[in-house]
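Engineer: Let me give you the structure first, and then I'll get to my questions.
The values are calculated or read from the model by the stated rules, or taken from the named source; none is laboratory data. From a predicted model like this one, the values you see are computed outputs, not experimental measurements. Neighbour counts are summed over all protein chains in view; Cβ atoms, including those assigned to glycine, are modelled from backbone coordinates with ideal geometry.
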């Protein structure tokens, strides 16, 4: 099962950036929707049954605190806001963390980890965390000629897309046809082991040998075995990728 979360944010660009960051760190989590107003939240939140809320203080029509005047929600909340004067009021609710905009990837990851760590001391969160532990894929079926074989996670160097086809390359440098798009596959992989650097490549951590600064803030990654084309980390993903590689 996937942990379900909802983003309450009235700025589309901020909501997109937040969701992208969450998916980069926890691709197995599921966003149940983006809500832009207090009025919409009061209507939709009870049915969405989210296990975590990412909540901006200022929504389109009111302060988000007014949501809880009508809805007796006990859902954990990570606040994301440009205003620091509401922190005390936020922590009187079910607040996990209070992040000031612009929210950095590092701050977002710490808040997510704090939510997970609270499961150790909070019985309700502990039950939730146990119920939603991801079941990552660690075996992959690939085609080789007219046969099908299994490759273990530890033997994967990277996945790459070429046109309409996807391929798995093992640590020995052998390429196999793999019939699953990378956009779907990344959600099933362990984020501690794999990172999708762009639409073309998902790299295993152990395959990375060097990172070279590239134009416009991007990174060029050298792997072993080498990728068939240059593996370039996009501008948006470069900070998270550096953090991922560095542990």
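Engineer: In the set 17, 2, which member is modelled with pLDDT under 95, within 30 Å of residue 136 (Cα to Cα) and in a loop (DSSP other than H, G, I, E, B)?
Structural biologist: Answer to the check: 2.
Engineer: Filtering region 227-247 down to residues that are assigned to a loop (DSSP other than H, G, I, E, B) and either surrounded by 15 or more Cβ atoms within 10 Å (Cβ to Cβ) or modelled with pLDDT under 90 (or both), which residue is farthest from the chain's Cα centre (by Cα)? So that I can check it myself, show each step before the final result.
Structural biologist: The first filter runs over region 227-247 and keeps only residues assigned to a loop (DSSP other than H, G, I, E, B), leaving 227-230, 234-237, 247.
Going one step further and asking which of them are either surrounded by 15 or more Cβ atoms within 10 Å (Cβ to Cβ) or modelled with pLDDT under 90 (or both), we end up with 227, 234-237, 247.
Details: 227: 24, 234: 16, 235: 17, 236: 13, 237: 12, 247: 16 Å.
The residue in question is 227.
Engineer: Out of region 207-223, which residues are surrounded by 13 or more Cβ atoms within 10 Å (Cβ to Cβ) and outside any strand (DSSP E or B)? Talk me through it step by step, then tell me what you get.
Structural biologist: Quick first cut of region 207-223, residues surrounded by 13 or more Cβ atoms within 10 Å (Cβ to Cβ) only: 207-208, 211, 214, 218-223.
Across region 207-223, the qualifying residues are 207, 214, 218.
Engineer: Follow-up question, since we're still on this one. Over 12 Å from the mean Cα position of the chain (by Cα) and either closer than 23 Å to residue 73 by Cβ or in the same structural domain as residue 112 (by TED's automatic domain parsing) (or both): is that true of residue 22 in this structure?
Structural biologist: Values: over 12 Å from the mean Cα position of the chain (by Cα): no; either closer than 23 Å to residue 73 by Cβ or in the same structural domain as residue 112 (by TED's automatic domain parsing) (or both): yes.
Taking the combined requirement at face value, the residue does not satisfy it.
Engineer: Which numbered condition trips up residue 223, out of (1) touching a helix residue (DSSP H, G or I) at 6+ places or on another chain (Cβ under 6 Å); (2) on the phi > 0 side of the Ramachandran plot?
Structural biologist: So the condition that residue 223 fails would be (2).
Engineer: Name the residues in region 1-25 that are crowded, with 19+ Cβ neighbours inside 10 Å and within 18 Å of residue 115 (Cα to Cα), would you?
Structural biologist: Matches in region 1-25: 3, 5, 6, 7, 8, 18, 21, 22, 24.
Okay, residues lined up against (1) more than 23 Å from residue 2 (Cβ to Cβ); (2) touching a helix residue (DSSP H, G or I) at 6+ places or on another chain (Cβ under 9 Å):
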| position | (1), (2) |
| --- | --- |
| 35 | no, yes |
| 50 | no, no |
| 54 | no, yes |
| 59 | yes, yes |
| 62 | yes, yes |
| 67 | yes, yes |
| 78 | no, yes |
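Engineer: Now for a different question. For region 72-95, name all the residues that are crowded, with 18+ Cβ neighbours inside 10 Å, outside any loop (DSSP other than H, G, I, E, B) and more than 18 Å from the chain's Cα centre (by Cα).
Structural biologist: 81, 90
Engineer: Exactly one condition in (1) within 22 Å of residue 242 (Cβ to Cβ); (2) in contact with a helix residue (DSSP H, G or I) (Cβ under 6 Å, 6 or more places away or on another chain); (3) free of Cβ contacts under 8 Å to residues at least 40 places away in the same chain is not met by residue 199; state its number.
Structural biologist: Answer for residue 199: the failing condition is (2).
Engineer: Among the residues that make up region 55-62, is at least one of them surrounded by 15 or more Cβ atoms within 10 Å (Cβ to Cβ), without any contact (Cβ under 8 Å) to a residue 24 or more places away in the chain and over 18 Å from the mean Cα position of the chain (by Cα)? Steps first, please.
Structural biologist: Kept after step one, since they are surrounded by 15 or more Cβ atoms within 10 Å (Cβ to Cβ), are these residues of region 55-62: 55-59.
Of the ones still in play, those that are also without any contact (Cβ under 8 Å) to a residue 24 or more places away in the chain are none.
No, region 55-62 contains no residue that is surrounded by 15 or more Cβ atoms within 10 Å (Cβ to Cβ), without any contact (Cβ under 8 Å) to a residue 24 or more places away in the chain and over 18 Å from the mean Cα position of the chain (by Cα).
Engineer: Within region 175-191, take every residue that is without any contact (Cβ under 8 Å) to a residue 60 or more places away in the chain and not in a loop (DSSP other than H, G, I, E, B) and give me the one that is surrounded by the fewest Cβ atoms within 10 Å (Cβ to Cβ). Steps first, answer last, please.
Structural biologist: Going residue by residue through region 175-191, those that are without any contact (Cβ under 8 Å) to a residue 60 or more places away in the chain are 175-185, 190.
Cutting the leftovers down to not in a loop (DSSP other than H, G, I, E, B) gives us 175-177, 182-185.
Working: 175: 16, 176: 17, 177: 12, 182: 18, 183: 12, 184: 9, 185: 20.
Once the filter is applied, the top-ranked residue is 184.
Engineer: Right, another one. Could you grab me the full set of residues in region 163-174 that are touching a residue at least 24 places away in the same chain (Cβ under 8 Å) and in a strand (DSSP E or B)?
Structural biologist: Here is the first cut: in region 163-174, the ones touching a residue at least 24 places away in the same chain (Cβ under 8 Å) are 168-169, 171-173.
Residues satisfying the conditions are 168, 169.
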